[in-house]
Every structure is written in C-alpha cells, then in structure tokens.
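Undergrad: Quick one: structure below, then a few questions.
Any read-out appearing in this document is the output of simple, stated calculations on the displayed coordinates, not a laboratory observation. Owing to the predicted nature of the structure, the values given are computational and were not obtained by experimental measurement. A quick note on method: Cβ atoms are made from the backbone with ideal geometry, for glycine too, and the neighbour counts reach across all protein chains shown.
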Amino acid sequence: MNFKKIILSIAVIIIIAIGAVLIFKSGDSKNQKNSKLQVVASNFASYDFLRAIIGDNQNVELKFLLGPGKDAHSYEPTAQDLITIQNSDLFVYVGGQMEKWSDKVLSSVENDKMKVICVADDIETIEEQEVDGAEPEEEQEEHEEAEGSFDEHIWTSPANAEIMVNTLEKAMEEIDSQNAEKYKQNAQNYINEIKNVDKQIQEIVDNKVRSRLIFADKMPMQYFINYYNLEVTAAFSGCSTETEPSANTIAYIEDKVKEENIPVILYVELNNGKVASTIATETGREAMQIQTLHNITKEDFDKGETWVSLMTRNLEVLKKALQ
Ligand SMILES: [Zn+2]
C-alpha cells in the first residue's frame, strides 16, 4: 500500500465515521422531537388558545396548520400537512364549509392514539345568515351546498372564545394529565384576559350612540354582532370569495352611511381596504380595519400578537364607529 492509498483510506474512514455520528445525532434529535406531544390546530384562534394553555411547557410541540397570512376558506392540506395531522397526539379543527377537507382527512387518518377535537361541538352555533346590504348568492349550486351548514366564525364572540379555551384545556389534560394543574391555571389566566377585553368592549357598546357597523367587505363577525346586540350592514354575507361588491351594493352602503350618519367604514384583516376607502372618500367618512381573528397577518404573527391583543386593537375602532 503506497502512501497515497493509506491517506485515502484514512480519509474514507474519517468521512464514514463523521457520517455515522451525524446520522446517529439526527436520529437522536428526531427521537427527541417525536417524544414531544404533537398538538395541531387548524385555525388561528384554536392555535392561540392552545399556545396560552400550553404556556412554557417544552414537552409539547404546537403547530398552526393554516399558517399566518392565508385564507382559511381556500386552504387545502398539503401532503406534509397530512403527515403532521397523522402524527399528532391532539388535532383541533372547526369544520363546516370552511374546513370541508377535515372529514376526508380524518376518515383517512390511521392513528388510534390521536385525540380529535372539533371546537365547534361545544358551541351553540348559528346558521350562516344573509346580512343587510349583501346581495343573495347567485349560484344556486353553492347555496344548496351551504344548506344545513353553520357559521364557522365561532371565535369572534368572547363567550365562545371562553368555551373554546375550556374545551381545549380539557383536551390538553386528557393527553397530558401530569400537567393538568398548570393547564388549568394557564387557561384561567387567559380567560381572565378575554373577560377583561370583553368588559372594555361592553363599556364602549353601553355608551354607543348608534348600533350599526358597516363592513365594506365580507363579514365574518356575526357571533360578535349578536353577542353585543349590534346591527350590521355588509358588502357580503359571511365569507364570500368575491372581493368586488356590485354597484348596487356600494350605493346601498353609501346611502346607509349617510342616512344613519355612520362615521367609520370597516374592512377586515388581510384585505387592502380599497372598497372601504372608496366608500369612505365618497361619503367623507373614515375607513378602518377591524380584526376578525379569522387569520393573522405574517407580520402580527411574528410579533406574537394574540386573540386578546388583536381584539384589544379593535377598541379604538369600535369607539370611533359606535360612539
Ligand atoms: Zn370565513
């Protein structure tokens, strides 16, 4: 064996050794990762509530399936998402028309240990309603399909948010009873924060000079509207896929704004507010964004904003719109 060959052999042995160490290490970290409880939430509100309940527990890995900045209604799980759901210890979803994919996915999942929670199950849901101002849906097919379905935007009322926190806290206790006391405490702390925002909104509502909110947009806040006993006019009922209201709808909204002297035209997060700005300019009013918590922008997500902090952002908006 000449010198070159010896060097080459040593080099090969070293490379194999490093490779083995790396494979061993990655397997090790993978095992560590998998030993954590895997919790998956389909939408932002469930994710946020679980994040608060789990708190600083390092043995739980929480995933936000939809991810920030995306439209919950057009989301379809990817192959990777299916694996994430399949490998979860707890999977939380809302269901309904918004998450039509959930039935199919759940029937295909083979994991006996996985706990599945539909957060809408404990909520007194309402039917999707036709909102004042919005034109009835044109496509008969779509209407038939939507029949019998409920309004999925349950998280917009603080009362429902509390119920969701309690449902999710019990689910966490079931998959991790050792930390039950901690989960109970964290859930109670978060409920107190929700109650606090609720109280502040209620104060604004109690001092209102008008009851009507105007959405130059879709209107996924019917539970919020009902909870605070408000009225609403909107360009679209619920969550339409359309973004341009008809000239008739715009004219109707403008008339309403003038008739009832409404100072603020609302649009929802993840919308550029163009229609609201147009109506605001036409009527000499102000366009403002309201947080419906339907989803969170990437920017707000990275800043760690929560259901509570985003709902708190609405205080100023509601004050201007109602008082
Ligand atoms: Zn929606």
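Undergrad: Return an integer: the convex hull volume of the alpha-carbon atoms of region 200-322, in Å³ per residue.
TA: On the way: hull volume 12.1 nm³, N = 123.
So the per-residue Cα hull volume is 98 Å³.
Undergrad: Roughly how compact is region 36-191, stated as its Cα Rg over 2.2 N^0.38 Å to two decimals? All intermediate terms of the calculation are to be shown ahead of the outcome.
TA: Working: Rg = 16.5 Å, N = 156, 2.2 N^0.38 = 15.0 Å.
Normalised Cα radius of gyration, region 36-191: 1.10.
Undergrad: Continuing with this model, one more query. Identify the GluC sites (Glu not before Pro) of region 218-280 meeting these criteria: DSSP loop state and at most 15 other C-beta atoms within 10 Å of the C-beta. Don't jump to the answer; show the numbers that get you there.
TA: On the way: sites: GLU231, GLU242, GLU254, GLU259, GLU260, GLU269; in loops: GLU242, GLU260, GLU269.
In loop regions of region 218-280 (DSSP not H, G, I, E or B), the sparsely surrounded GluC sites (Glu not before Pro) are GLU242, GLU260.
Undergrad: Additional query: For the pairs LYS104/LYS274; LYS36/LYS218; LYS70/LYS182; LYS100/LYS182; LYS274/LYS303, note any where the Cα-Cα span goes beyond 29 Å.
TA: On the way: LYS104/LYS274 37 Å; LYS36/LYS218 39 Å; LYS70/LYS182 32 Å; LYS100/LYS182 34 Å; LYS274/LYS303 25 Å.
Beyond 29 Å between Cα atoms: LYS104/LYS274; LYS36/LYS218; LYS70/LYS182; LYS100/LYS182.
Undergrad: In units of 2.2 N^0.38 Å, what is the alpha-carbon radius of gyration of the chain?
TA: Numbers: Rg = 24.5 Å, N = 323, 2.2 N^0.38 = 19.8 Å.
It is 1.24.
Undergrad: Shifting gears a bit: How big is the antiparallel share of DSSP beta bridges in the chain, given as a percent to the nearest 5? Write down the numbers at each step before the final one.
TA: On the way: 2 of 26 bridges.
Percent antiparallel among DSSP bridges in the chain is about 10.
Undergrad: Name the aspartates and glutamates eligible as straight-distance cross-link partners of LYS63: C-alpha to C-alpha under 15 Å, and not fewer than 8 places from it in the same chain.
TA: ASP48, ASP81, ASP89, ASP302
Undergrad: What list do you get for CYS239, CYS118 if you sort them by fewest beta carbons within 10 Å? Could the numbers behind the result be given before it?
TA: On the way: CYS239 21, CYS118 18.
So the ranking, lowest neighbour count to highest, is CYS118, CYS239.
Undergrad: State, as an integer percentage, the relative contact order of the chain based on alpha-carbon contacts under 8 Å between residues 6 or more apart. Intermediate values should be presented prior to the final figure.
TA: Values: 485 pairs, mean separation 58.1, N = 323.
Contact order relative to length: 18 percent.
Undergrad: Oh, and also: Using alpha-carbon pairs under 8 Å, 6+ residues apart, how would you state the relative contact order of region 200-322 in percent? Before the final figure, lay out the partial values.
TA: Working: 181 pairs, mean separation 34.8, N = 123.
Once normalised by length, the contact order is 28 percent.
Undergrad: Using 0.36 nm times the number of residues separating GLN323 and LYS170, minus their current alpha carbon distance, what extension gain do you get? Please report the intermediate quantities before stating the final value.
TA: Working: separation 153, 0.36 × 153 = 55.08 nm, distance 3.93 nm.
The span from GLN323 to LYS170 would gain 51.2 nm if fully extended.
Undergrad: Given only helices, namely DSSP H runs of n ≥ 4 each adding -39500 (n - 2.57), what is the per-residue ellipticity at 222 nm of the chain, to the nearest 500 deg cm²/dmol?
TA: Numbers: 12 runs with 162 residues, N = 323.
So the helix-based figure for the chain works out to -16000 deg cm²/dmol.
Undergrad: Right, next: Using only Cα atoms, find the angle between the long axis of helix 158-175 and the longest principal axis of the chain, and express it within 0 to 90 degrees, rounded to the nearest 10.
TA: Once rounded, one gets 20 degrees.
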